[in-house]
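Written below as structure tokens is the structure these notes are about.
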Amino acid sequence: MKLLAWKSNWNVPNQCLDFITKMLLNVTPMNENLPKSYYNGKKLVSKLGLEAKRIDYCVKGCMLFYDNEYGKNDGGLFQCKYCNKLRYHAPKAGKHRNKPIPIKSMFSFPIISRLKRLFASMERVDQMTWHYDNRKDSDVLRRPCDGQAWKHFDRVHADFAVEPRNVRLSLCSDGFNPYIQASAKPYSCWPVIVTPYNLPHEMCMSKPYMFLSCLIPGQRNPKTSIDVYLQPLIDDLKKLWSGVETYDISRKENFTMRATLMWTINDFPAYGMLSGWGTQGKFACPYCMEHTKAFRLHNGRKNSWFDSHRRFLPHDHTFRRNKIAFKKDKLNWVGHHLS
């Protein structure tokens, strides 16, 4: 595992890793359990079930070329069934390849096997019920299980809340450029990370428990078609909601593990992509929606939300009913003080 992590973190070539593996075999007296090469090491780690899938998708992001258990059988198609774009590159003259090269592809990492591994570890299985064992009836918000969303979900889905080993998940997503910002070609890489919230608050957002569920590469962001790329993750969440048989090593028994996605963590532009609510224009605020008081500036021709959110202040706030200090088209003491 450390050799594979070394290769991944520092981009070590395969031949270099094979050389290091042979050197370790020569200096280690008991080397029967060590892999003989990088290929043997990958085969050994693959038995853990932490696989990664490479899925082809349409050039325009219309669909994924893959099959699932819910009646989707698009893995054998050679062109998009919506825009008729080809799936593979046309073979070059004089070159014969046994396997065609896809034009666009993404990576999917199933989360079911990763959640099962948490219950198969003696060090982590007790932490998966930490939210239930350390619950306190108090109005102080110390951890996510003290929030109103968590409590409301327990009231609505009592059959889910009765099993403390059921997993609450959070989804995080954002785009970034992995290359130099001044690069001539734009590039937008979108990782989608899933985090279990059963763990203690100092562990649930740490690096070992932030599971990369899918990676969407490309020159542009997925925009509103991000739900197409999230289909493998959605299929896993459907299975987890119905229940997946899992082995609990602390109790030495199998149980039906269920999971639900409770939160999404993202910035405002990504919020519009994941939720479907347009975060641009006059109706950009997801709280005001159609009851917005936004207006368009006469000179700048942009939307402004000046004096639109005093209604969200507490009823006894001094700015709540102050109609003189907050007024459009006039320089007031608040604007003069802020300037």
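Remarks
- Filtered trypsin sites (Lys or Arg not before Pro), region 1-48: DSSP coil and at most 11 other beta carbons within 10 Å: LYS47
- Charge tally in the Cβ shell below 15 Å around GLY272, where Lys, Arg are +1 and Asp, Glu are -1, GLY272 excluded: -1
- By the rule of a C-alpha distance below 16 Å, with chain neighbours fewer than 8 residues away ignored, the aspartates and glutamates paired with LYS81 are ASP56, ASP67.
- Loop-located chymotrypsin sites (Phe, Trp or Tyr not before Pro) in region 285-314 whose Cβ has at most 12 other Cβ within 10 Å (DSSP): TYR287
- From phi via Karplus (6.51, -1.76, 1.60), per-residue ³J(HN,Hα) for region 220-237 in Hz, x at Gly/Pro: 10, 6, x, 6, 6, 8, 5, 5, 5, 6, 8, 4, x, 5, 5, 4, 5, 5
- ³J(HN,Hα) computed for each position of region 120-132 - Karplus, 6.51 cos²θ - 1.76 cosθ + 1.60, integer Hz, glycine/proline x: 8, 9, 5, 7, 10, 5, 6, 6, 6, 10, 5, 5, 8
- The chain, relative contact order in percent, only Cα pairs under 8 angstrom and at least six apart counted: 12 percent
- Within straight-line cross-link reach of LYS136, aspartates and glutamates at Cα separation under 12 Å, skipping those fewer than 8 residues along the same chain: ASP146
- Relative exposure of ILE216, ILE234, ILE193, judged by other C-beta atoms within 10 Å (fewest first): ILE234, ILE193, ILE216
- Over all other residues within a Cβ to Cβ distance under 13 Å of LYS42, the charged ones net out to +2, with Lys and Arg as +1 and Asp and Glu as -1.
- The distance separating the Cα centre of region 181-232 from that of region 251-295 comes to 15 Å.
- Straight-line cross-link reach from LYS252 at under 24 Å between alpha-carbon atoms covers these lysines, not counting any fewer than eight positions away in the same chain: LYS47, LYS116, LYS239.
- Note on the chain: dipole from Cβ charges, positive end direction compared against LEU44, VAL140, MET273; the farthest Cα belongs to MET273.
- Think of it as helices only: each DSSP H run of n ≥ 4 in the chain is worth -39500 (n - 2.57), and spread over all residues that comes to -7000 deg cm²/dmol at 222 nm.
- Counting neighbouring Cβ atoms within 10 Å and putting the fewest first, the residues VAL194, VAL244, VAL45, VAL140 line up as VAL140, VAL45, VAL244, VAL194.
- For ILE265, distant residues with modelled amide H under 5 Å away: LEU171, CYS172, SER173
- A cut-off under 10 angstrom between Cβ atoms defines the neighbours of HIS131, and their net charge, with Lys, Arg +1 and Asp, Glu -1, is +1.
- Longest exposed-site-free window of the chain, the sites being GluC sites (Glu not before Pro) in a DSSP loop that have at most 16 other C-beta atoms within 10 Å: 203-339
- For the chain, size of Cβ-based charge dipole, Lys and Arg +1, Asp and Glu -1, in debye: 1440 debye
- With the alpha-carbon atoms of the chain aligned to their principal axes, the span from lowest to highest coordinate is 83, 62, 45 Å, starting with the largest.
Each reported figure results from applying straightforward, stated rules to the coordinates on display, with no laboratory input. The model shown is predicted, which means the values in this text are computed figures rather than measured ones. Cβ coordinates were reconstructed from backbone atoms using ideal geometry, including for glycine residues, and neighbour counts include every protein chain displayed.
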